[in-house]
Amino acid sequence: MKEEQVILVNENDEPIGLMNKLEAHEKAVLHRAFSVFILNSKNEVMLQQRAHHKYHSPLLWTNTCCSHQRAGETNIEAGKRRLFEEMGFSVELKELFHFIYKAPFDNGLTEHELDHVMIGYYNDEPNINDDEVESWKWMKIEDIKDDMIERPDVYTVWFKIIFDEFYHYLEDHKL
């Protein structure tokens, strides 16, 4: 199977090339990514626990899904594709904002991403892909905030960055 490629971008989110995903994470090159947050009618966020065999951040809790856009794919198309691949359902998504972050991992890889954050709404149970997702749960926004303070080591680096800086966006986008 051909290795997934990421879209390299400048700080204005203008594409400047493609690179294999692992190489981009080894070299800490800025690339396009996205993070999807699914909320239900109780204003709870659907969290996923990353599969135990993931090459970074295994078994850590994070937002509903996240990944990288493919060449020629819009942010929304990528978010919908990956949401279905990981969580087994489709909903309309709305892009809220984007930001750049850089986060090194213990395994020598570094996330350096221009991350497009999207939101959608869903009230049922997902049909998780065991290759990607270990478990899932609904959690209230305030409970996530409190739990991150008490147990920061159970959450992914990027989720903590998004949540710490931008959780007010989630509070402002209630059904």
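The values are calculated or read from the model by the stated rules, or taken from the named source; none is laboratory data. Being a predicted model, the structure only gives us computed values, none of them experimental. Ligands, DNA and RNA are excluded from the accessible area calculation, which covers all protein heavy atoms including side chains. Shrake-Rupley method; radii C 1.70, N 1.55, O 1.52, S 1.80 Å.
For Ser67, the residues 5 or more places off, or on other chains, whose built amide H falls under 5 Å of its own are Phe34. Annotation: average projected area of the range 1-55 is 6.0 square nanometres, based on the convex hull of Cα atoms across all directions. Dividing the radius of gyration of the alpha carbons in the chain by their Kirkwood radius gives 0.93 for Rg/Rh. Taking 0.36 nm per residue of separation and subtracting the current Cα-Cα distance, fully stretching the chain between Phe84 and Asn20 would add 20.8 nm. With all protein chains in place and a 1.4 Å probe, the accessible surface of the chain carries 48 percent carbon and sulfur.
Take every pair of alpha-carbon atoms less than 8 Å apart whose residues are at least six positions apart; their mean separation over the length of the chain yields a relative contact order of 26 percent. For His168 and Asn129, the difference between the fully extended length at 0.36 nm per residue and the C-alpha to C-alpha distance is 11.1 nm. Evaluating 6.51 cos²θ - 1.76 cosθ + 1.60 at θ = phi - 60° for every residue in the range 22-32, the Karplus couplings come out as 4, 4, 4, 6, 6, 8, 6, 7, 5, 9, 7 Hz, glycine and proline recorded as x.
Here's how it looks for Val9: its modeled amide H is under 5 Å from those of Ile16, His31, Arg32, which are all 5 or more places away or on a different chain.
Listed cross-link partners Lys102/Lys137; Lys80/Lys145; Lys27/Lys145; Lys137/Lys160 are compared with a 21 Å cut-off, the Cα-Cα value being larger for Lys102/Lys137; Lys80/Lys145; Lys27/Lys145.
Proximity of backbone amide H atoms, modeled 1.01 Å from N, is registered between Trp136 and Gln49 at under 5 Å, excluding neighbours fewer than 5 places apart on the same chain.
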